[in-house]
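*Asks:* I have a structure I would like to understand better, so I am pasting it below and will then ask my questions one at a time.
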Amino acid sequence: MTTEANAGQPVGYDTARVEAWIAAHVPALQTPLTWTRLEGGHSNLTYLIEDATGQRAVIRRPPMGELLPKAHDMAREWALISALGGTPVPVPRALGFCDDTSVTGALFYVMGHVDGHPLYNADDARRWAPEPLRVTLAHSFIDVLADLHAVDPDAVGLGDLGKKDDYIGRQLKTWYRSWNASIEPAQLDDPRAHALQQYFLANTPNQGPARIVHGDYGLHNTLVGADGRIAAVVDWEISTLGDPLADLAYALNQWAEPGDPPPVRAVPPTTLPGFPSRQALADRYAARTGRDLRKLDFYIGFNRWKSAAIVHGVYARYCEGKKSSEGVDMDGLKRSILQSLAQAEAAVQRLERQA
């Protein structure tokens, strides 16, 4: 019998057909299954499933309804966790991938369950990362990223995950197009967005060998174990090949410090006492990888600018009514856009002072 904690039928899953598929393709699990909805994960429909013997796994598919192109890419996530399973990068065990949409209306995959917790806010950090473990957590967090960037994508079968050259240039083109398309519906433009895009185009550092970039690496997309170390990295759906220093800068931007501008949303976990600074993490990454970080502020600024463009697009969709803005802090979104541009400008100014 299939059940779900706190609700009825699991959303998005024809449980009878899915369990039949699992019985035929995932020998590690024995049906019937118990289903429990897991929160988070970019609205992907993610469930903890427990089999008849108590074995736990996680099943994941895209949300219901029409999706943006390349969004919620289950095949990409599956390829990443399958390929990285034999590397030092901790990922859930790859158990089974279903590419037959007739089973439940979408691609889905099954992965091993990992004991650990994502940290979205300060309350999560208080609960799952007490102060004595915070240095251990920070070191593990940055070491895992360094280990990911040490993986040769060709050696693990991921050489065709994405284009290898001009990562920054391609990103600048994509998100500048998004910014310009969002100006009218958002009724919001800012000259800094255009000036910064031109600056980044003109001053892009030479890219070294392409590496796997997670694209959204932060404590919200990791599972922190009871020992304070990263037990697994999750949510690989936007991962590609590119410049590892851009991936590092994104992670550092997510690593908030107590002196940062007031958060638009929940208080970030790393503003609590006991977490090392962004600079300490950057120094550890440099020592572990040997990469030259003298132009790190370029990547810091680029990611701040990119964040502004992303939120600008979200804000525009709310303004157009394409997404319901009920309960959404629209002023907070607007403030986030302008704040990210200011932070990008500050990073460029630091970079210019070093020149």
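The values are calculated or read from the model by the stated rules, or taken from the named source; none is laboratory data. Worth saying up front: this structure is predicted, and the values here are computed from it rather than measured. For neighbour counting, all protein chains shown are included, and Cβ atoms are generated from backbone atoms with ideal geometry for every residue, glycine included.
*Asks:* Identify the residue in region 163-189 that is out of contact with any Gly (no Cβ under 7 Å at 6 or more places or on another chain) and among the small types (Gly, Ala, Ser) and, among all such residues, is nearest to SER239 (Cα to Cα). Steps first, please.
*Replies:* Step one: of region 163-189, the residues out of contact with any Gly (no Cβ under 7 Å at 6 or more places or on another chain) are 163-166, 168-177, 179-181, 183-189.
Pick out the ones that are also among the small types (Gly, Ala, Ser) and you get 169, 181, 186.
Values: GLY169: 17, ALA181: 24, ALA186: 28 Å.
Out of the qualifying residues, it is GLY169.
*Asks:* Residues of region 134-160 being crowded, with 18+ Cβ neighbours inside 10 Å and of a type in the set (Ser, Thr, Tyr), which ones?
*Replies:* Within region 134-160, SER140 is the sole residue that qualifies.
*Asks:* While we're here: Hey, among the residues in region 258-286 that are modelled with pLDDT of 95 or more and not in a helix (DSSP H, G or I), which one's nearest to ARG60 (Cα to Cα)?
*Replies:* As a first pass, look at region 258-286 and keep what is modelled with pLDDT of 95 or more: 268-286.
Then drop every residue that is not not in a helix (DSSP H, G or I), which leaves 268, 272-277.
Details: PRO268: 26, LEU272: 32, PRO273: 35, GLY274: 34, PHE275: 32, PRO276: 34, SER277: 34 Å.
Only one residue tops the list, namely PRO268.
*Asks:* Specify which of the listed residues (ALA181, ALA193) is aliphatic (A, V, I, L, M), outside any loop (DSSP other than H, G, I, E, B) and buried (at least 16 other Cβ atoms within 10 Å of the Cβ). Break it down into steps so the answer makes sense when it comes.
*Replies:* Working: ALA181 fails: buried (at least 16 other Cβ atoms within 10 Å of the Cβ).
Answer to the check: ALA193.
*Asks:* Only one of VAL213, VAL224 is surrounded by 14 or more Cβ atoms within 10 Å (Cβ to Cβ), β-branched (Val, Ile, Thr) and within 16 Å of ASP166 (Cβ to Cβ); which? Full working, then the answer.
*Replies:* Details: VAL224 fails: within 16 Å of ASP166 (Cβ to Cβ).
None of the others qualify; the one that does is VAL213.
*Asks:* Oh, and also: Quick one: is GLN207 touching a residue at least 24 places away in the same chain (Cβ under 8 Å) and under 30 Å from VAL89 (Cα atoms)? Before you say what the answer is, go through the steps one by one.
*Replies:* On the way: touching a residue at least 24 places away in the same chain (Cβ under 8 Å): yes; under 30 Å from VAL89 (Cα atoms): yes.
For GLN207, the condition - touching a residue at least 24 places away in the same chain (Cβ under 8 Å) and under 30 Å from VAL89 (Cα atoms) - is met.
*Asks:* Across region 5-30, which residue is surrounded by the most Cβ atoms within 10 Å (Cβ to Cβ) among those that are among the polar types (S, T, N, Q) and modelled with pLDDT under 95?
*Replies:* Within region 5-30, the subset among the polar types (S, T, N, Q) is 6, 9, 15, 30.
This time we only want the ones that are modelled with pLDDT under 95, so: 6, 9.
Details: ASN6: 6, GLN9: 12.
Step by step, filter region 5-30, then rank; the result is GLN9.
*Asks:* Does region 75-89 hold any residues that are crowded, with 22+ Cβ neighbours inside 10 Å and either farther than 16 Å from VAL58 by Cβ or not acidic (Asp, Glu) (or both), and which are they? Give the derivation first.
*Replies:* Step one: of region 75-89, the residues crowded, with 22+ Cβ neighbours inside 10 Å are 77-78, 80-81, 84, 89.
The answer is TRP78, LEU80, ILE81, LEU84, VAL89.
*Asks:* Further, regarding this structure: Return a yes/no flag: does region 289-297 have any residue that is more than 29 Å from ARG127 (Cβ to Cβ), of a type in the set (Asp, Glu) and modelled with pLDDT of 95 or more. Break it down stepwise before answering.
*Replies:* Taking region 289-297 first, the residues more than 29 Å from ARG127 (Cβ to Cβ) are 289-297.
Those left that are additionally of a type in the set (Asp, Glu): 292, 297.
After this cut, where a residue has to be modelled with pLDDT of 95 or more as well, the list is 292, 297.
Yes, region 289-297 contains a residue that is more than 29 Å from ARG127 (Cβ to Cβ), of a type in the set (Asp, Glu) and modelled with pLDDT of 95 or more.
*Asks:* Would region 330-351 turn up any residue that is of a type in the set (Val, Ile, Thr) and exposed (fewer than 14 other Cβ atoms within 10 Å of the Cβ)? Don't jump to the end; show me each part of the working.
*Replies:* Of region 330-351, the ones of a type in the set (Val, Ile, Thr) are 337, 348.
Now narrow it down to the ones that are exposed (fewer than 14 other Cβ atoms within 10 Å of the Cβ): none.
Checked against the condition, which is being of a type in the set (Val, Ile, Thr) and exposed (fewer than 14 other Cβ atoms within 10 Å of the Cβ), region 330-351 yields no hits at all.
*Asks:* Next question, about the same structure. Which of the following residues is of a type in the set (S, T, N, Q) and in a loop (DSSP other than H, G, I, E, B): SER340, SER307, SER325? Steps first, please.
*Replies:* Working: SER340 fails: in a loop (DSSP other than H, G, I, E, B); SER307 fails: in a loop (DSSP other than H, G, I, E, B).
None of the others qualify; the one that does is SER325.
*Asks:* A follow-up question, please. Name the residues in region 287-304 that are aliphatic (A, V, I, L, M) and in a loop (DSSP other than H, G, I, E, B), would you?
*Replies:* If we filter region 287-304 for residues that are aliphatic (A, V, I, L, M), which is where we start, we get 287, 293, 296, 300.
Across region 287-304, the qualifying residue is only LEU293.
*Asks:* Now for a different question. How many residues are buried (at least 18 other Cβ atoms within 10 Å of the Cβ) and assigned to a loop (DSSP other than H, G, I, E, B) when one looks only at region 122-133?
*Replies:* Result for region 122-133: 1.
*Asks:* Given the structure, is TRP236 more than 18 Å from HIS139 (Cβ to Cβ) and either in contact with a Gly (Cβ under 6 Å, 6 or more places away or on another chain) or of a type in the set (Phe, Trp, Tyr) (or both)?
*Replies:* In short, yes.
One line per residue, one yes/no per condition, for (1) hydroxyl-bearing (Ser, Thr, Tyr); (2) touching a helix residue (DSSP H, G or I) at 6+ places or on another chain (Cβ under 9 Å); (3) outside the structural domain of ALA23 (by TED's automatic domain parsing):
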| position | (1), (2), (3) |
| --- | --- |
| THR104 | yes, yes, no |
| LEU107 | no, yes, no |
| THR136 | yes, no, yes |
| ALA146 | no, yes, yes |
| ALA150 | no, yes, yes |
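*Asks:* Given the residues VAL91, VAL110, VAL144, which is the only one that is more than 28 Å from ALA246 (Cα to Cα) and touching a residue at least 12 places away in the same chain (Cβ under 8 Å)?
*Replies:* On the way: VAL91 fails: more than 28 Å from ALA246 (Cα to Cα); VAL144 fails: more than 28 Å from ALA246 (Cα to Cα).
Criteria check complete, one pass: VAL110.
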